[in-house]
Each structure stands twice: as structure tokens, then as C-alpha cells.
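Student: For reference, the structure I am asking about is given below.
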């Protein structure tokens with residue numbers, strides 16, 4: 001029988017298996033490194049993309065904030081202009097009221113009464129005057145009540161002024177308040 005020595009062949013086979021194992025380990029390490037490098041690069045790419053998107057959004061938000069400020073400034077200007085327009089419109093509407101008011105004051109003053117002072121605060125008028133008698137003041141109050149442009153007369157003060165001589169004429173100084181009313185006179189306005 002022939003004797004074959006298998007030891008060198010087995011040693012060679014072991015060396016071959018060891019080389020294959022080392023090659024597989026090195027290949028696994030290289031492949032793992034490549035996969036990790038690819039994943040790392042992809043994560044960096046996605047992160048950079050998101051950072052660019054965030055910067056774009058920040059710049060757009062800043063632009064929109066500036067536009068919002070401009071809109072708010074325009075809104076404030078608009079409110080001021082609307083307020084001015086309302087004041088002008090109110091003045092336009094009240095312009096004929098003044099004419100009617102002074103006309104009505106002149107028509108309601110009876111003989112024997114003269115007005116010395118007229119003060120207006122908002123829609124209230126304070127009238128100071130001199131009358132020849134109390135009866136003329138009460139007649140004046142009745143005239144004011146019947147006026148479409150004046151209403152709610154209230155007599156505040158009436159004082160008798162005169163000389164100490166019995167035959168001298170006495171005069172009554174009075175102060176009264178009256179409200180200007182345009183609501184009652186709207187139908188009467190031309």
C-alpha cells in the first residue's frame with residue numbers, strides 16, 4: 001500500500017482557509033467602512049439640506065415680518081385717515097346746523113330781552129342775557145321749548161338789577177342752558 005503524507009496538504013489547506021478568513025474579515029471591514037461612510041455622507045447631505053431649508057424659512061419669515069410691520073403701519077395710517085374723514089364729514093353735516101342754530105336763536109329772542117353772552121360746549125349752549133321782566137324770560141323759555149333746533153331749556157340764574165330809586169327801571173339778568181338738537185329738525189332741514 002502506498003503511503004501518502006497528507007500533512008503538507010492539510011497545512012496548505014489550513015493556510016488557504018486562514019487567508020480566506022482574513023480576506024473575508026478585511027472585506028467585511030472595508031464594506032462596513034464603506035456603508036458607514038455612505039450613511040455618514042447621506043446624513044450630512046440631509047442635514048445640510050435641512051439647514052438650507054431652515055435658513056430659507058428664516059429669511060422668508062423675516063421678509064414677512066417686515067411686510068406685517070408695513071401693513072400695521074398702513075393700518076394705523078388708515079385709521080388716522082378714517083378718523084380725519086369722519087371729523088370732516090361731521091363738520092360738513094354740522095355746517096348747516098350752525099346756520100339754523102343762530103337763526104333759531106335770533107327768532108326765539110322776544111322783545112325786551114337782549115343776549116350778552118353765548119357759550120357752546122359740545123351740544124350744550126349757555127346763554128347770558130338781560131330782560132326787562134321775569135315774564136319776558138319765561139316767554140323766552142317757551143320759545144326755546146318750541147324751537148326745532150333748540151331744546152330742554154333750563155334757567156340757572158335770574159337776578160334783579162336796578163337802581164335804588166323806586167321809579168327807576170329794573171332789569172333781570174339771567175343765565176340759562178339749552179341743548180342743540182338736530183334730530184328733531186332733520187325733517188325740517190331743506
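Student: What list do you get for 62, 100 if you sort them by fewest beta carbons within 10 Å?
Tutor: 62, 100
Student: For Cα pairs less than 8 Å apart in space and 6+ apart in sequence, what is the mean separation divided by the residue count of the chain, i.e. the relative contact order in percent? Mind dumping the intermediate values first?
Tutor: Details: 163 pairs, mean separation 27.8, N = 190.
Value for the chain: 15 percent.
Student: In what sequence do 174, 56 fall when counting other Cβ within 10 Å, fewest first? Intermediate values should be presented prior to the final figure.
Tutor: On the way: 174 23, 56 10.
With the fewest neighbours first, 174, 56 line up as 56, 174.
Student: Which number comes out as Rg/Rh for the stretch 89-180 once both Rg and the Kirkwood Rh are worked out on C-alpha atoms? Could the numbers behind the result be given before it?
Tutor: Values: Rg = 14.7 Å, Rh = 14.0 Å.
That ratio is 1.05, to two decimals.
Student: Another one. Taking 45 Å as R0, compute the FRET efficiency from the Cβ-Cβ separation of residue 28 and residue 51 and round it to 0.05. Let's see the in-between values first.
Tutor: Working: r = 34 Å, r/R0 = 0.76.
Efficiency, rounded to the nearest 0.05: 0.85.
Student: Taking Cα atoms, how many degrees apart are the long axis of helix 134-146 and the longest axis of the chain, rounded to 10 and kept between 0 and 90?
Tutor: Between helix and principal axis, roughly 40 degrees.
Student: In addition: Quick check: from the Cα gyration tensor, does the stretch 1-62 come out rounded (a/c under 1.5), prolate or oblate? Before the final figure, lay out each step's value.
Tutor: Details: a/c = 16.90, a/b = 11.95, b/c = 1.41.
In terms of gyration-tensor shape, prolate.
Student: So if each residue of separation counts as 0.36 nm, and I subtract the Cα-Cα distance between residue 133 and residue 121, what length gain in nm does that give? Please list the in-between numbers first.
Tutor: Numbers: separation 12, 0.36 × 12 = 4.32 nm, distance 2.79 nm.
Result for the pair: 1.5 nm of gain on full extension.
Student: Roughly what angle does helix 7-108 make with the longest principal axis of the chain, taking Cα atoms, 0 to 90 degrees, to the nearest 10?
Tutor: Helix 7-108 sits roughly 10 degrees off the main axis of the chain.
Student: What distance in nm separates the two pseudo spin-label positions at residue 65 and residue 16, each 7 Å out from Cα along the beta-carbon direction?
Tutor: 7.3 nm
Student: Would you calculate, for the chain, the mean residue ellipticity at 222 nm contributed by helices, counting each DSSP H stretch of 4 or more residues as -39,500 (n - 2.57) and dividing by all residues, to the nearest 500? Don't jump to the answer; show the numbers that get you there.
Tutor: Working: 2 runs with 115 residues, N = 190.
Taken over the chain, the calculation gives -23000 deg cm²/dmol.
Student: Still on this model: Contour minus end-to-end for residue 38 and residue 74, with contour as 0.36 nm per residue of separation and end-to-end as the Cα-Cα distance? Don't skip to the answer; put the middle values down first.
Tutor: Numbers: separation 36, 0.36 × 36 = 12.96 nm, distance 5.34 nm.
Here the answer is 7.6 nm.
Student: Which whole-percent values make up P(r) of the chain when all C-alpha to C-alpha distances are grouped in 10 Å steps starting at zero?
Tutor: Per 10 Å bin, starting at 0, the Cα pair percentages come out as 7, 17, 12, 9, 7, 6, 6, 5, 5, 5, 5, 4, 4, 4, 3, 2, 1, 0, 0.
Values in this text are rule-based calculations from the coordinates and carry no lab data. Remember, it's a predicted structure, so these values are computed and weren't measured experimentally. All Cβ positions, even for glycine, are placed from backbone atoms using ideal geometry, and neighbour counts span all protein chains on display.
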